[in-house]
Amino acid sequence: MARVRLDIDRLYRSPSLKQWLSQGFSDKPGILSAIPNTLTGTLLIVFSTEQHSVAKIITITKSLLKETSSTTLAPSQIVPKKPWHSLSESEVLDWCKSSKERGLSLAQARHNLQAFGSNLLPIHKGRSEGEIFWQQFKNLPVALLLGSAGLSVLTGGLVDATVILGVVLANAYLGYVTESSAEKTVNSVNHIKHPDAMVIRDKKGVTIKLEDIALGDILLLTPGSYVPADARLLSAENLQVDESILTGESLQVLKTYASLFNQNLALADRTNMIFRGTQVTSGSGMAVVVATGRATELGTIQRLMGEAAQPETPLQKELSSLGKKMVGASLGISVLVFGIGILRRSSFLETLKTAISLAVAAIPEGLPAVSTVALATGIKRLAKHHLLVRHLDAVETMGNIDVICFDKTGTLTLNDMAVAEIHLSGGLSFSVEDHKIVYHDSSKAFADYPDLMQLVKIAVLCNEAEVAGDAISGSPTELALLHLGSEAHISTDELRAQYPRISIQYRSENRNYMITAHESRDEKNQRLIAAKGQPKEILDRCTSCLKDGKIIALTERERARIEEANDDMAKKALRVLGLAYCEEESIANLDEARLVWLGLVGLADPCRPGIREVISTLQHAGIRTVMITGDQPATALAVGTELNISGGDAINVFDASNLFDLEPDVLASFVEQAHIFARVSPSHKLHIVQALQRVGKIVAMTGDGINDGPALKVSDIGIAMGGVD
C-alpha cells in the first residue's frame, strides 16, 4: 500500500471537480481511497502497489480530467501509509530508498530530481508593468468615461473626447507610477539567495546547491545551518532549531530522532522532523529528506499565497455602486429626454444627439482623478513613516478597518529572548527590565548580592554561546544569559579564561539539562561544575542551596518554595531554567556531582516597545484587536494580558491545535468573541481571517513570517512587518 499526493490547480475551491474525482476513482480496482481537497488544491490517493505505480496513478487521473479543460498535474510527494514522524528510522530510509551511511548515489539523486522536480519553491509572480497599467482602467467610473468619450466621437464632439481621454490617461499614469514603484520594491525580496547544503552522496560529505537536494538525500546539520528541505531526523545531538518563521513559536525547539506515535501531531509538535526555511541554532544531527520544493510545508504556504484571492476594497465597492447608479440615472434621463423630443415631433437626429450629449455631460470626468490624487497623496505621506503601500485603494481601506489580527512572534514581540525574572534561594526575587536588573534596595548593587553574582556566573559558564571579539553566536536563550552577565558587569572572556571548560554534557532526550566542568585557576584550585536546565531535574540533583553566600542544607520546605516559584513563573509563560553548581577536587562522573541549588531564571520574548500603546489607541478608535499565534495558549494568554489585547474584558483564548480541517463556517459562530487564537497553522490563520470577513468585518492582518503570507494576502489590509534594503 502507498499514497501519493497530486497538485491540481483547478481543484482549489472547485466542489464540482472534487465530486467528479471522488466518483471517478470510486470504482477503480486497486484504488483504496481518493481524497480531493478544495482548500489546498491537492488530491491524496491511497493505492495498492501490486496493481499500480505512481506513473499509472497520474495517467488515471489525467484520463478523468480529460473531458475538462487543461489542468496542472504534478506528483508533489510520495506519502507513506503513516506520517513520517511516526515511522521508525529503518522504515523512513526504506521508503526513501536511501542509506544513513551511504546516502544517495548520483544516479538515484538524478532519478528523484527528474521524478519530483528540483527543490525550488513556487514563486508567486507579482504584477507586470502592463498589468499594473491596465488595472488603472478596470473600474466602472473610468469605463463610463471611456464610453462617454466614444459617444462624443460619434456625435462629433472631438474636443470633449480628447479632454476626457486626457483626464483618463493622466489618472492611469499617476496610479501606475505610484503602484509600480512599490511593486518593484516588494518583488525584490524574491531574489534571496540561500546557502548551499551539506549532504552525503556515495558515502562522502559533499556541498550541493539547494535546488539540487533530492528526496532521500541525507542532510548534515550544524549550528547556523539553513534547513533546505523537509526531513526526518536520524540522529540529533543537542539539536535546537528556530522554527518561528514557520510555526510562530518563539522558543527554540529541542529535536529528537525517536518515533512519535501520535499520527495527528501539529507541525510544532513533530520534534523528530525539520522543515525547510527554519534555522539550526545549536547542536548537530543527520536527517533524511522526505519532501522537496512545493511538497514541503513551506511550499504549501507559498501555494496557498498564490491561490488566495484578494477581496474588493470598500472604495472599489462604493465606486462600483456609484457607477451603476450614475449609469442608471443618466440613461434614464437621456431616454426620457429622447422620448419627449420624439413626442414633440423634433428631428430624430437632433433629439438623439441631445440625449447622448446629456448622458456624456452626466459623467463626472474629474471623479477618478480626484480619488487617485487623494490616494496617491496618502501613500506619499505614509512613505515618510516607512510604510510601503502596493495598492492605491488600500489607503482608503485603512480608514474602514473593523478588526486587526496581530501575529505575535516578531510583531507584538521582538522574537528575541531576554531574562525577565530571577528567583534565588530564600525567596529573594529580581525582575529584569530592558536587560537591566531591578534591585529592591536602590542603595545596593550587584556586588551586594553574592547569591545573585554566583547564579549569573554559572549562567555565563554553562553556556554554549561563542564569543569571538565583537561577534557572538548562539541560541537566543544562551545569548540572553550572556546579556544578563553583561548587565552584571561580568566579562565573559575573563570569566571563561579564569574557569576554562574541560568537558560538557549536552541536553538529550532523557536529560533535560546541560552540565559543564571547568578548571578553577584561583587559589582553591578546584574543579567547578556548572549546571542549568529543567528546574525539577536540576533540583533533584541538589542536596544543598546557597543563601547569603553560605551553603546550607536544602530542606523540604525550601524545595516546596522553589517548586511554587517555578509554577508561578511558568504561569506567566516564562521559559524557566534552574541553575546549580558545586566545587570539588576531582569528579570522575559529572552525573554523580552533588549540586548546590542557586535559583531560577525566567526568560521571555519581550513585547515590542510601544506596542501596548498602539493597541490601546486602536481600541479607543473602535477597532477590535485579535492575536493569532502558533504559541501555546498559556504563552499567548500571558502576552495578551500584558498588552490588554481584549480592551479590559475577560480574554477568550481559542486553542486550534486539533482542528486540522478548520473551516471559516465553523469559526463564524465565535470569531467575534475570541481575543486570542493559539496553536494555529498558516492555513488556520487564512481561515480565521476569512471567517471574520464572512461576518461582515473589514480585516487587517499583520505579520512578519512566511507562515503569515496566506492570511496577509486574503485580508482586506495585509500589513507585512519588516524592512527592505
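The values are calculated or read from the model by the stated rules, or taken from the named source; none is laboratory data. Since the structure is predicted, the reported quantities are computational estimates derived from the model, not experimental observations. Counting neighbours? That spans all protein chains shown, and the Cβs are built from the backbone with ideal geometry, glycine included. Protein only, heavy atoms only, side chains kept; ligands, DNA and RNA dropped before computing areas. Shrake-Rupley method; radii C 1.70, N 1.55, O 1.52, S 1.80 Å.
How high is the FRET efficiency between residue 434 and residue 613 when r is their beta carbon distance and R₀ equals 22 Å, given to the nearest 0.05?
0.85
From Cα pairs below 8 angstrom and at least 6 apart in sequence, can you work out the relative contact order of the range 515-579, rounded to a whole percent?
Relative contact order here is 32 percent.
Round to the nearest 10 and report in Å² the accessible area of residue 446, as given by a 1.4 Å probe over the protein chains' heavy atoms.
Roll a 1.4 Å probe over it and residue 446 shows about 20 Å².
Based on the Cβ-Cβ distance of residue 194 and residue 447, what FRET efficiency does E = 1/(1 + (r/R0)^6) give at R0 = 60 Å, to the nearest 0.05?
So, using R0 = 60 Å, E works out to roughly 0.80.
Go through the range 94-101 residue by residue and turn each phi into a ³J(HN,Hα) via Karplus (6.51, -1.76, 1.60, θ = phi - 60°); whole Hz please, and just put x for glycine and proline.
5, 4, 8, 6, 10, 9, 4, 7
Evaluated at 37 °C with a viscosity of 0.692 mPa s, what Stokes-Einstein diffusion coefficient in µm²/s does the range 189-248 have when Rh comes from the Kirkwood expression over alpha-carbon pairs?
Translational D for this selection: 253 µm²/s.
Take the alpha carbon atoms of the range 18-44, find their center, do the same for the range 460-536, and report the distance between the two centers in whole angstrom.
Taking the Cα centre of the range 460-536 as reference, the centre of the range 18-44 is 56 Å away.
Which sequence of 95, 84 reflects their accessible areas, 1.4 Å probe, from the largest down?
The ranking, largest first, comes out as 95, 84.
Which residue, chosen from 489, 516, 477, occupies the Cα position most advanced towards the positive end of the dipole of the range 474-519, where the dipole is computed from +1 (Lys, Arg) and -1 (Asp, Glu) charges on Cβ about the Cα centre?
Value computed over the given set: 516.
Return the long-range amide H neighbours of residue 652 (sequence gap of 5 or more, or a different chain), with a cut-off of under 5 Å between placed amide H atoms.
Residues meeting the amide H criterion: 675, 676.
Using only Cα atoms, what Kirkwood radius does the range 560-644 have, in angstroms?
16.2 Å
Pop a pseudo-label 7 angstrom from the Cα along the beta-carbon direction at both residue 620 and residue 101 and give the gap in nm to one decimal.
Reported label-point gap for residue 620 and residue 101 is 7.0 nm.
Show the residues, 5+ positions off or on another chain, whose built amide H is closer than 5 Å to the amide H of residue 415.
Residues meeting the criterion, in which the H sits 1.01 Å from N, are 410.
Suppose R0 equals 25 Å. What FRET efficiency, 1/(1 + (r/R0)^6) with r the Cβ-Cβ distance, do residue 592 and residue 559 give to the nearest 0.05?
Calculated value: 0.75.
Each residue of the range 480-494 in turn: what ³J(HN,Hα) in whole Hz from Karplus with 6.51, -1.76, 1.60 and θ = phi - 60°, glycine and Pro shown as x?
4, 5, 5, 4, 4, x, 5, 5, 8, 6, 9, 7, 4, 4, 5
Counting only heavy atoms of protein chains, what accessible area per residue, in Å², does the range 201-292 have with a probe of 1.4 Å?
Normalised by residue count, the accessible surface of the range 201-292 is 32 Å².
Which entries of 82/532; 209/685; 62/82; 436/685; 408/532; 532/685 have Cα-Cα distances beyond 30 Å here?
Cα-Cα > 30 Å for 82/532; 209/685; 436/685; 532/685; rest within.
Convex hull over the Cα atoms of the range 426-561, averaged projected area in nm²?
The number I arrive at for the range 426-561 is 9.6 nm².
Counting only C-alpha contacts under 8 Å and six or more residues apart, can you give the relative contact order of the range 445-601 as a whole percent?
Value for the range 445-601: 22 percent.
Treat every Asp and Glu Cβ in the range 410-542 as -1 and every Lys and Arg Cβ as +1, leave all other atoms uncharged, and give the resulting dipole magnitude about the Cα centre to the nearest 20 debye.
500 debye
About its Cα centre, what dipole magnitude does the range 498-604 give when the only charges are +1 on Lys and Arg Cβ and -1 on Asp and Glu Cβ, stated in debye to the nearest 20?
Roughly 320 debye, rounded to the nearest 20.
Counting only heavy atoms of protein chains, what accessible area per residue, in Å², does the range 510-570 have with a probe of 1.4 Å?
55 Å²
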